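S.K.: Let me give you the structure first, and then I'll get to my questions.
Computed from the coordinates by the stated procedures, all read-outs in this text should not be read as laboratory data. Just so you know, these numbers come straight off a predicted model, no measurement behind them. No Cβ is skipped: glycine too gets one built from the backbone with ideal geometry, and neighbour counts run over all protein chains shown.
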Amino acid sequence: DTSSFHLRYLGTESSIYEQTEKKGKYNRTELLQLITARSIDKNIAALQTKYEAFRIKAPITSIEYNKRGKVVGYRALIGMKEDVTNSSVFEILEVSIEEGKLKFNKVGTAKVVNNRIWDNRFNALKENNVDVSVEGTLLKPKGRPNKTVVPGMLLKLKKQ
């Protein structure tokens, strides 16, 4: 059924993988898998800077609290694979259904906590010996949200 979906071509990106120090660590098959996966991620990250349709949209998975019970941040399953940087800023959106349609209301903004970006790239665990107990990037609220932020609310990358 070709009438169910309509696709529109937006653009292309290309990249060159230049990290030759990995050549001795992997056999040919593993190296090709690594280069392919990282190149695709890099190109999608480049597309998200140009086109709204490619921008990161991810739910908040958990809320982080300090010892006094104050909110210190939000966690989401996004990271280096999606090219999240210390300067990335996200809108926090509340999703509701009105008249059978999804509606997104902005309730606040959040900024990435410096150097608390999840390394979710292909083979990152093997390569960087990262802490696997921490999943997701930590974001802190910018200002005061105009509503209570709860898990499931949507984070959307703002244009950089």
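S.K.: Are there GluC sites (Glu not before Pro) in region 1-82 that DSSP marks as loop and that have at most 12 other Cβ atoms within 10 Å, and which are they? Display every interim value, and only then the final one.
M.R.: Numbers: sites: GLU13, GLU18, GLU21, GLU30, GLU52, GLU64, GLU82; in loops: GLU13, GLU18.
Taking region 1-82 and a limit of 12 other Cβ atoms within 10 Å, the loop GluC sites (Glu not before Pro) found are GLU18.
S.K.: If each of PHE122 and LYS159 carries a label point 7 Å out from its Cα toward its Cβ, how far apart are those two points in nm?
M.R.: So the two model labels end up 3.1 nm from each other.
S.K.: Now for a separate question. Tell me, what HN-Hα J-couplings in whole Hz come from the Karplus equation 6.51 cos²θ - 1.76 cosθ + 1.60 at θ = phi - 60° for each residue of region 63-75, using x for Gly and Pro?
M.R.: Per residue, the Karplus-derived 3J(HN,Hα) values read 10, 9, 10, 8, 5, 8, x, 7, 5, 10, x, 10, 10 Hz.
S.K.: Once you mark the trypsin sites (Lys or Arg not before Pro) that are in a DSSP loop and have at most 15 other Cβ atoms within 10 Å, what is the longest gap between them in the chain? Don't skip to the end; give the middle numbers.
M.R.: Details: sites that count: ARG8, LYS23, LYS25, LYS67, ARG68, LYS70, LYS147, LYS158, LYS159.
Longest run free of exposed loop sites: 71-146.
S.K.: May I pose another question? Exposed loop chymotrypsin sites (Phe, Trp or Tyr not before Pro) only (DSSP loop, at most 13 other Cβ atoms within 10 Å): please give the longest stretch of the chain free of them, not including the sites.
M.R.: Values: sites that count: PHE5, TYR9, TYR17, TYR51.
That gives 52-160 as the longest site-free run.
S.K.: Hey, rough spin-label estimate for GLU98 and GLU18, points 7 angstrom out along Cα→Cβ, what's it come to in nanometres?
M.R.: Result: 4.9 nm between the two label points.
S.K.: Using only the Cα atoms of region 34-160, what are the Rg and Dmax in Å?
M.R.: Final numbers for Rg and Dmax: 15.3, 49 Å.
S.K.: A further question follows. Just grab the label-to-label distance for ILE35 and THR49, each label 7 Å out from Cα along the Cβ direction, in nm (one decimal).
M.R.: Calculated label separation equals 2.3 nm.
S.K.: Can you give the extra length, in nm with one decimal, that the chain gains between ARG8 and LYS147 once fully stretched, where that is 0.36 nm per residue apart less the Cα-Cα distance?
M.R.: Separation in residues times 0.36 nm, less the Cα-Cα distance, equals 46.5 nm.
S.K.: Now for a separate question. Find the relative contact order for region 45-114 and round it to a whole percent, using C-alpha pairs within less than 8 Å whose residues are 6+ positions apart. All intermediate terms of the calculation are to be shown ahead of the outcome.
M.R.: Details: 84 pairs, mean separation 14.8, N = 70.
21 percent.
S.K.: Would you mind calculating the gained length between LYS57 and SER87 on full extension (0.36 nm times residue separation, minus the Cα-Cα distance), in nm to one decimal?
M.R.: Working: separation 30, 0.36 × 30 = 10.80 nm, distance 1.66 nm.
Extra length available between LYS57 and SER87 comes to 9.1 nm.
S.K.: Also: Rounded to whole Hz and in sequence order, give me ³J(HN,Hα) for region 151-156 from the Karplus expression 6.51 cos²θ - 1.76 cosθ + 1.60, θ = phi - 60°, writing x for Gly and Pro.
M.R.: x, x, 5, 9, 9, 10
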